[in-house]
1. Of the residues 269, 321, 331, which single one is assigned to a helix (DSSP H, G or I) and without any contact (Cβ under 8 Å) to a residue 12 or more places away in the chain?
2. Determine whether the range 214-225 contains at least one residue that is outside any helix (DSSP H, G or I), hydroxyl-bearing (Ser, Thr, Tyr) and at pLDDT 95 or above.
3. Can you tell me how many residues within the range 31-46 are under 19 Å from the mean Cα position of the chain (by Cα) and either in contact (Cβ under 8 Å) with a residue 60 or more places away in the chain or within 21 Å of residue 139 (Cα to Cα) (or both)?
4. Going by what's in this entry, would residue 141 be described as small (Gly, Ala, Ser), touching a Lys or Arg at 6+ places or on another chain (Cβ under 9 Å) and surrounded by fewer than 19 Cβ atoms within 10 Å (Cβ to Cβ)?
5. Among the candidates 205, 195, single out the residue that is touching a residue at least 12 places away in the same chain (Cβ under 8 Å), crowded, with 22+ Cβ neighbours inside 10 Å and touching a Leu at 6+ places or on another chain (Cβ under 9 Å).
6. Restricting attention to the range 27-45, does a residue exist that is more than 20 Å from residue 179 (Cα to Cα), part of a loop (DSSP other than H, G, I, E, B), out of contact with any Ser or Thr (no Cβ under 6 Å at 6 or more places or on another chain) and of a type in the set (A, V, I, L, M)?
7. Please find, among 240, 151, the residue that is in the same structural domain as residue 85 (by TED's automatic domain parsing) and in contact with a Pro (Cβ under 8 Å, 6 or more places away or on another chain).
Amino acid sequence: MADIRPFCATRPQKDKASHIAALPYDVMDTAEARAEIAKEPLSFLRIDRAETSFPDDVAFNDPRVYEKAASILSKMIEKGDFLTDESRFYYIYELTMEGRSQTGIVAVASADDYRHGIIKKHENTRADKEKDRIDHVTACSAQTGPIFLAYRKNDIISSVTEKTKKDPCEYDFVSPDGIRHRVWIIRDSADIRQIKDAFSSIDSIYIADGHHRCASAVNVCMKRRAAAGEGYDPDAEYNYFLSVLFPDDELKILDYNRTVSDLNGLSEERFFDRLRKKFDIKDCGNEICHPEKKGCIGMYISGTWYTLSLKEMPATDDPVESLDVSILQNEVLSPILNIEDPKTDSRIDFIGGIRGLSELCRRVDSGKAAVAFAIYPTSIRELFAVADEEKLMPPKSTWFEPKLRSGLFIHRF
């Protein structure tokens, strides 16, 4: 059963929350982070992307960068930009985007639950990206970016959440991208106990976003245990990692689309001939084609949109093979365009749904791509099904919005 605990958060002073809160470190490059910090000097990117404090020739993973991150965090705490709660609380974090809200419980989750498969993953991690966060967490002795977790809706958790949201907010601000962020603190001991007990009745929690942060936190935990020896304290803070847990019925996964730089030596006519063997093709002219159902793919090529409707859905119970990203890979990218491994092939690029399908047009019209594909979004149910069978999704299968802000909650140990 899931061990989801309250904790003593280090968090911004109320008047500084909107200035400190920042997008996750991994959704931008160094130059973009520098630009954000120039606009907002208190931005948490100073800590999450501490290479911005150095000249361009200093790599993001230089040991000095992690030392700088720890130093900036320490100085901001000393200065009073952050406070640390003296009691263990759960926190409520609500994000509202374009009229749709999702409300999560901020807590710490058990590293052992991850190791034993109660907290389930749906994608692999890369060693280099994992090491970056291991070094960052180790230097700061803190987890600074929350892992985005999901669970099947629980009525008790929902009831406590709704009750608490009737109280005044601790934070309430709109970030520059138009997302409203509101935070409440669950202080009542009976409510805290109810939430802890409710999570302990849940047998599966799912990583929605943050696989590298999660794996890194667990790695640091195991190193701390090894250093402490057999007598390590199982309740020590390093055994738990910072998380925000959302009920499945409030989450929306956006599409994660693809562009390909060339047609693998095929003429456009021959390319269409190959497609017609598996798909019914409809010419949509210059009208952007959003896929309306599973097995339907939007395609943009030479200034025209088309819909590709799979003539026969895969006869499989495999939750991975039935994903629309898998259908595109198995029926188009691999056999026709010779993209066998989308993780390593430089001819393919991935475009998050938040950028809209007009970005696909721009890529093709500018000559940066020969063809673009718009994919029907993966559902949260499909994500759960893949994770439950201990399988892995193809790369870039899910894009979650809105993004959780870093810096609103820090878990120190």
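The values are calculated or read from the model by the stated rules, or taken from the named source; none is laboratory data. Remember, it's a predicted structure, so these values are computed and weren't measured experimentally. Using ideal geometry, Cβ is built from the backbone for each residue, glycine included, and neighbour counts are taken over all protein chains shown.
1. Of 269, 321, 331, the one residue that is assigned to a helix (DSSP H, G or I) and without any contact (Cβ under 8 Å) to a residue 12 or more places away in the chain is 269.
2. no
3. Residues that pass the stated criteria total 3.
4. It is true that residue 141 is small (Gly, Ala, Ser), touching a Lys or Arg at 6+ places or on another chain (Cβ under 9 Å) and surrounded by fewer than 19 Cβ atoms within 10 Å (Cβ to Cβ).
5. From the options 205, 195, the qualifying one is 205.
6. Checked the range 27-45: no residue is more than 20 Å from residue 179 (Cα to Cα), part of a loop (DSSP other than H, G, I, E, B), out of contact with any Ser or Thr (no Cβ under 6 Å at 6 or more places or on another chain) and of a type in the set (A, V, I, L, M).
7. When all the criteria are applied, what remains is 151.
For every residue, the table says whether it meets (1) within 25 Å of residue 28 (Cβ to Cβ); (2) at pLDDT 95 or above.
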| site | (1), (2) |
| --- | --- |
| 362 | yes, yes |
| 370 | no, yes |
| 373 | yes, yes |
| 376 | no, yes |
| 380 | no, yes |
| 389 | no, yes |
| 397 | yes, no |
| 405 | yes, yes |
| 410 | yes, yes |
